[in-house]
Amino acid sequence: MRKSQPGTVNQPAAGARMAAEDRRLQILRVAVSLFSQRGFGGTTTREIALAAGVSEAMVFRHFATKQELYTAILDHKACSGDAMDPEQLVAEALKQKDDRAVFEQLALGALEHHECDPEFQRLLLHSALEGHELAEMFFEKFIRRVYELLGDYITERQRDGALGQIDPKIVIRAFIGMVIHHSLNNNLWDPKRRLLQISNQDAARQFAEILLHGISGPSQATAGTSK
């Protein structure tokens, strides 16, 4: 029975390949769901297979090792339609040196992404708490890129005199801290928004405003106090 399963739909080779791709994606989605609920240490390939309705051998046919499965999870998220590409998201704002747009658009992109995919946020938290390799993989693929992107921009704007001489990494940490804390509250601690009911657009705008008021250059601060 198991041997004849791929041919039950009586489709040609192209159809069989598509079925295999669908099966791989199904296993991937089930794995993400289980990992996000139970963590990596609490999830076995046997449980993934059971939840996906396949044999454990089928899981290993698509993902020879757990490392391959973890890499596939990040690749899948990076290539999915709702993936956040920080460089592309703020390319025009960077070119125009529009400080507010840079931070506001990045904040909004992150908030929208986390709201659409809270499961992946939980997965990343599990990976960090368990010291799992997926956390390091995500750090290299995304976090480091954001720090480099914003770090270069802030440094350039400091040379222009538009932003104060604060360590760019401190600025980035403060900015990401606001965004991620808000996102965690919405997704994990206060999904009913009892403490703060605000749209992602308003949150992004106000976070950018708070940040920029705090790091404005001397000329902006002087102009503000002279009025």
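Applying 1/(1 + (r/R0)^6) with R0 = 22 Å to the Cβ-Cβ distance of Y147 and D98, what FRET efficiency is obtained, to the nearest 0.05?
Calculated value: 0.65.
With a cut-off of 16 Å, note down the residues of segment 172-190 whose backbone N falls inside the zone around a label point 7 Å from the Cα of L125 toward its beta carbon.
The answer is 177-190, whose backbone nitrogens lie closer than 16 Å to the label point.
Could you list which residues have their amide H under 5 Å from that of L163, counting only those 5 or more apart in sequence or on another chain, with H placed in the peptide plane?
Under 5 Å from the amide H of L163: Q158, G217.
From the residues P168, L195, F103, which one has its Cα farthest along the dipole of segment 86-218 in the positive direction, the dipole being from +1 and -1 charges on Cβ of Lys/Arg and Asp/Glu about the Cα centre?
Looking along the dipole axis, the top candidate is L195.
Using per-residue counts of other Cβ atoms within 10 Å, averaged over each peptide, order 146-159, 116-129 from highest down.
116-129, 146-159
Label points 7 Å out from Cα along the Cβ direction at E156 and E112: separation in nm?
2.3 nm
What full-extension length gain, to one decimal in nm, is calculated for A51 and Q26 as 0.36 nm per residue of separation minus the Cα-Cα distance?
Full extension from A51 to Q26 adds 8.0 nm.
Can you tell me the length gained on complete extension of the stretch K169 to E209, counting 0.36 nm per residue apart and subtracting the Cα distance?
12.6 nm
Between E140 and D75, how many nm apart are label points set 7 Å from Cα along the C-beta direction?
About 1.5 nm, to one decimal.
The numbers here are math on the coordinates, done by the rules we state, and not lab data. In this text the structure is predicted, and so the values were computed from the model without any measurement. Methodologically, a virtual Cβ is constructed for each residue, glycine included, from the backbone with ideal geometry; neighbour enumeration extends over all protein chains shown.
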